[in-house]
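Right, one structure below, let's go through it.
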Amino acid sequence: MNNVALVTGAARGLGEAIARKLHKEGYKVAITGTSAASVQPVADSLDASGESVWAGALDIRKKSDWESVRDILTEKWGGTDILVNNAGRSQVAPLLEITPEQFTANVEINLNGTFLGCQVFGPHFRDRGYGRIINIHSLAGHNGGTATGAHYAASKGGVSTLTKVFAREFAAAGVTVNAVSPGPLDLPVVYETVDPDKLETIKANIPVGRLGDAEFIADTVALLASPGAASVTGACWDINGGLYMR
Ligand SMILES: NC(=O)c1ccc[n+]([C@@H]2O[C@H](COP(=O)([O-])OP(=O)(O)OC[C@H]3O[C@@H](n4cnc5c(N)ncnc54)[C@H](OP(=O)(O)O)[C@@H]3O)[C@@H](O)[C@H]2O)c1
């Protein structure tokens with residue numbers, strides 16, 4: 001084990017919080033985004049020398065990008081131990097107005113992107129005899145969405161299934177695959193995409209009375225990423241303020 005973690009979509013928001021937490025915990029962290037330039041400021045703020053941080057482009061829709069980053073990290077640090085499939089696109093749209101193109105585009109990021117990450121890094125971890133995959137899910141994937149569109153909700157619903165399928169595939173090889181499923185978080189994308197009046201209503205309907213905390217999601221990801229989390233696999237941990245109780 002080399003203590004190397006890859007976090008996708010880490011230019012800001014939850015991905016940035018997760019990258020910062022894992023780096024603080026002592027992991028070498030690879031942070032990726034749609035462009036290297038978008039993640040470089042986060043990388044520089046963590047370790048300007050680049051010894052413990054690598055920043056690069058990884059479009060999660062492209063299998064070749066996944067393979068390329070896997071190979072770069074093997075060259076730089078000897079391999080990767082943890083993958084956090086965080087990158088995603090949150091979209092809000094009225095159900096009957098979503099075009100086929102919009103639906104497909106969203107699924108291609110949130111669902112196909114997660115699939116490709118698991119498909120490329122799962123065997124890498126299996127061959128090394130150890131690995132942790134944490135897929136960032138969403139409450140929308142369970143309840144159909146409180147603030148988001150059907151394309152987003154459906155794509156996240158598929159992440160539940162992928163998490164279980166990949167967990168089963170790699171369980172005997174020391175590789176765990178889990179999901180963390182937040183409800184609405186106190187993060188920029190929520191304020192950018194949800195109408196302010198609707199957001200007030202959403203907040204008023206959250207049983208614990210507040211938006212979720214990205215730092216706590218990051219703490220949870222770090223726990224699932226730790227060697228001690230060996231017996232948790234195929235699970236989905238809900239952190240939604242009581243909006244959805246199983
Ligand atoms: N915020 C919430 O309330 C909430 C709740 C539940 C679940 N989540 C999930 O948490 C994750 C992070 O959300 P967030 O709130 O931090 O959203 P965010 O601020 O929009 O960040 C998402 C990141 O994903 C990147 N990304 C989008 N498409 C990509 C692609 N094709 N390839 C690589 N990177 C891509 C974006 O890069 P660019 O900026 O370059 O486009 C962005 O940096 C997502 O999976 C989201 O579904 C969020």
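Yes/no matrix, rows are residues, columns are (1) out of contact with any Lys or Arg (no Cβ under 8 Å at 6 or more places or on another chain); (2) under 20 Å from Met1 (Cβ atoms):
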{"site": "Ala48", "(1), (2)": "yes, no"}
{"site": "Arg70", "(1), (2)": "yes, yes"}
{"site": "Gly79", "(1), (2)": "no, yes"}
{"site": "Thr104", "(1), (2)": "yes, no"}
{"site": "Cys118", "(1), (2)": "yes, yes"}
Assess whether Asp213 counts as being open to solvent by 50 Å² or more (accessible area, probe 1.4 Å), within 11 Å of the ligand (Cβ to nearest atom) and modelled with pLDDT of 95 or more.
yes
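Quick one: which residue in Gly26, Gly50 is in contact with a helix residue (DSSP H, G or I) (Cβ under 8 Å, 6 or more places away or on another chain) and either without any contact (Cβ under 8 Å) to a residue 40 or more places away in the chain or over 29 Å from Gly174 (Cβ atoms) (or both)?
Answer to the selection: Gly50.
The rows are residues; the columns are (1) more than 19 Å from the chain's Cα centre (by Cα); (2) farther than 19 Å from Ala11 by Cβ; (3) among the charged types (D, E, K, R).
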| site | (1), (2), (3) |
| --- | --- |
| Lys28 | no, no, yes |
| Val42 | no, no, no |
| Glu75 | yes, yes, yes |
| Pro100 | yes, yes, no |
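Among the residues that make up the stretch 139-146, is at least one of them within 16 Å of the ligand (Cβ to nearest atom), touching a Pro at 6+ places or on another chain (Cβ under 9 Å) and not in a helix (DSSP H, G or I)?
Within the stretch 139-146 (the criterion being within 16 Å of the ligand (Cβ to nearest atom), touching a Pro at 6+ places or on another chain (Cβ under 9 Å) and not in a helix (DSSP H, G or I)), the answer is yes, since at least one residue qualifies.
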Go through (1) small (Gly, Ala, Ser); (2) surrounded by fewer than 20 Cβ atoms within 10 Å (Cβ to Cβ); (3) touching a Leu at 6+ places or on another chain (Cβ under 8 Å) for Gly131 and report which single condition fails.
(2)
Scope the stretch 201-210; condition open to solvent by 70 Å² or more (accessible area, probe 1.4 Å) and either within 11 Å of the ligand (Cβ to nearest atom) or assigned to a helix (DSSP H, G or I) (or both); matching residues
Thr201, Ala204, Asn205
Filtered residues of the stretch 164-186 (kept if touching a Leu at 6+ places or on another chain (Cβ under 6 Å) and either in a loop (DSSP other than H, G, I, E, B) or more than 30 Å from Cys118 (Cα to Cα) (or both))
Gly183, Pro184, Asp186
Sole miss for Glu192 among (1) of a type in the set (Asp, Glu); (2) within 10 Å of the ligand (Cβ to nearest atom); (3) within 15 Å of the chain's Cα centre (by Cα) is condition (3)
Can you find a residue in the stretch 1-17 that is over 20 Å from the mean Cα position of the chain (by Cα) and either of a type outside the set (Gly, Ala, Ser) or within 16 Å of the ligand (Cβ to nearest atom) (or both)?
yes
What residue, of Asp71, Asp47, Asp81, is modelled with pLDDT of 95 or more, on the phi < 0 side of the Ramachandran plot, loosely packed, with under 15 Cβ neighbours inside 10 Å and in contact with a strand residue (DSSP E or B) (Cβ under 6 Å, 6 or more places away or on another chain)?
Asp47
Taking Ser155 as the residue in question, decide whether it is surrounded by 16 or more Cβ atoms within 10 Å (Cβ to Cβ), part of a helix (DSSP H, G or I), at pLDDT 95 or above and more than 10 Å from the ligand (Cβ to nearest atom).
no
With respect to Leu185, determine if the residue is open to solvent by 20 Å² or more (accessible area, probe 1.4 Å), in contact (Cβ under 8 Å) with a residue 60 or more places away in the chain and within 13 Å of the ligand (Cβ to nearest atom).
no
Would you be able to say whether some residue in the stretch 50-68 is of a type in the set (S, T, N, Q), buried (at least 16 other Cβ atoms within 10 Å of the Cβ), away from the ligand (no atom under 11 Å from the Cβ) and more than 26 Å from Ala229 (Cβ to Cβ)?
no
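The values are calculated or read from the model by the stated rules, or taken from the named source; none is laboratory data. Small disclaimer: the values here were computed from a predicted structure and weren't measured. Methodologically, a virtual Cβ is constructed for each residue, glycine included, from the backbone with ideal geometry; neighbour enumeration extends over all protein chains shown. Please note that ligands, DNA and RNA were not included when accessible areas were found on the heavy atoms of the full protein model with its side chains. Shrake-Rupley method; radii C 1.70, N 1.55, O 1.52, S 1.80 Å.
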